[in-house]
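*Asks:* Would you mind keeping the following structure in view while I ask a few things?
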Amino acid sequence: MPLHKQIGAATLTLVRGDITEQDTEAIVNAANSSLLGGGGVDGAIHRAGGSQILEECRKIRATKRKCPTGESVITCGGNLKARFVIHTVGPVWHGGEGDEEILLGNAYRNSLLLAAAHHLHTIAFPSISTGAYGFPVERASAIAMKTVSTFLQNDSSIEEVRFVVYSHEDYEVYAYLF
Ligand code: AR6
């Protein structure tokens, strides 16, 4: 059962599921700086979305050597239901001594800014950095919710932000904070 709550004029949704199946205008990819694909969410998005997404990533790479941690770029959604994929690079968890928390917040905020700049109204996020990059989900989910909530309180153009959490355990963590 999805959970919903109102933040300003927008709806925040929490659902357990697969990011590649979402019907929001944009879905967010938990990418790496190369933008050339990988495992987890990244692998699933490129597999489901087809080669057009990778072609656009390569074009971006031709002008921008890499996508730095905390930043985001946008491509088409290829064969996905979502018309766009916003690729963002979350931080690798190094024990929290560095600026992992700030960089994770930046990844969410910059993805929302990019969506708003492209006049998109609905966007779905996976749990960035909490898989291969090892960010503890309890901390990451709190940063995700705080960053998105703050953004929605100040931006009226986004109508829905959906958190799409894959595992039952992670869903419980998100639901507790929701
Ligand atoms: N839909 C939604 N969530 C998913 C899906 C899916 N289809 N598949 C996995 N998850 P990860 P990261 C969850 O590793 O930690 C890649 O190789 C997963 O259970 O995808 O940011 C990139 O190329 C976990 O909770 O992203 C990078 O090199 C969450 O999504 C690196 O991994 C994020 O896991 C990025 O690592």
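The values are calculated or read from the model by the stated rules, or taken from the named source; none is laboratory data. These numbers come from a predicted model, not from an experiment. We place every Cβ from the backbone using ideal geometry, glycine too, and count neighbours over all the protein chains shown.
*Asks:* Which members of the range 111-139 meet the condition of being within 19 Å of Asp99 (Cα to Cα) and touching a residue at least 40 places away in the same chain (Cβ under 8 Å)?
*Replies:* Pass one, the range 111-139, residues within 19 Å of Asp99 (Cα to Cα): 111, 127-139.
Passing the criteria: Ser111, Ser127, Ile128, Ser129, Thr130, Gly131, Ala132, Tyr133, Gly134, Phe135, Pro136, Arg139.
*Asks:* Got a sec? Which of Ser149, Ser129, Ser141, Ser111 is of a type in the set (S, T, N, Q) and not in a helix (DSSP H, G or I)?
*Replies:* Working: Ser149 fails: not in a helix (DSSP H, G or I); Ser141 fails: not in a helix (DSSP H, G or I); Ser111 fails: not in a helix (DSSP H, G or I).
Result of the check over Ser149, Ser129, Ser141, Ser111: Ser129.
*Asks:* Which of the residues belonging to the range 29-43 are of a type in the set (S, T, N, Q) and either within 6 Å of the ligand (Cβ to nearest atom) or on the phi > 0 side of the Ramachandran plot (or both)?
*Replies:* Of the range 29-43, the ones of a type in the set (S, T, N, Q) are 29, 32-34.
Once the filter is applied, which keeps residues that are of a type in the set (S, T, N, Q) and either within 6 Å of the ligand (Cβ to nearest atom) or on the phi > 0 side of the Ramachandran plot (or both), the range 29-43 yields only Asn32.
*Asks:* Report every pair of residues separated by at least 6 positions or lying on different chains whose Cβ atoms are under 6 Å apart, first residue within the range 31-55 and of a type in the set (Val, Ile, Thr), second near the ligand (Cβ under 6 Å from one of its atoms) and not in a loop (DSSP other than H, G, I, E, B).
*Replies:* Val41/Ile19; Val41/Ala30; Ile45/Thr20
*Asks:* On to the next question. Restricting the search to the range 124-164, which residues are in contact with a Leu (Cβ under 7 Å, 6 or more places away or on another chain) and either within 15 Å of Asn29 (Cβ to Cβ) or within 11 Å of the ligand (Cβ to nearest atom) (or both)?
*Replies:* Selection gives Ile128, Ser129, Phe135, Ala140, Ser141, Phe163.
*Asks:* From the set of residues in the range 45-100 that are at positive phi and at pLDDT 95 or above, which is farthest from the chain's Cα centre (by Cα)? Explain how you work it out, then say what you get.
*Replies:* Narrowing the range 45-100 to residues at positive phi: 50, 70, 78, 95-96.
With at pLDDT 95 or above added as a condition, the list becomes 50, 70, 78, 95.
On the way: Gly50: 19, Gly70: 11, Gly78: 17, Gly95: 22 Å.
The residue in question is Gly95.
*Asks:* Restricting the search to the range 78-101, which residues are touching a residue at least 40 places away in the same chain (Cβ under 8 Å), within 12 Å of the ligand (Cβ to nearest atom) and over 16 Å from Ala124 (Cβ atoms)?
*Replies:* Selection gives Val89, Pro91, Val92, Trp93.
*Asks:* Return a yes/no flag: does the range 8-20 have any residue that is at pLDDT 95 or above, more than 15 Å from the ligand (Cβ to nearest atom) and of a type in the set (Gly, Ala, Ser). Let's see the steps before the verdict.
*Replies:* Kept after step one, since they are at pLDDT 95 or above, are these residues of the range 8-20: 10-20.
Pick out the ones that are also more than 15 Å from the ligand (Cβ to nearest atom) and you get 10-12.
Of the ones still in play, those that are also of a type in the set (Gly, Ala, Ser) are 10.
Scanning the range 8-20 turns up at least one residue that is at pLDDT 95 or above, more than 15 Å from the ligand (Cβ to nearest atom) and of a type in the set (Gly, Ala, Ser).
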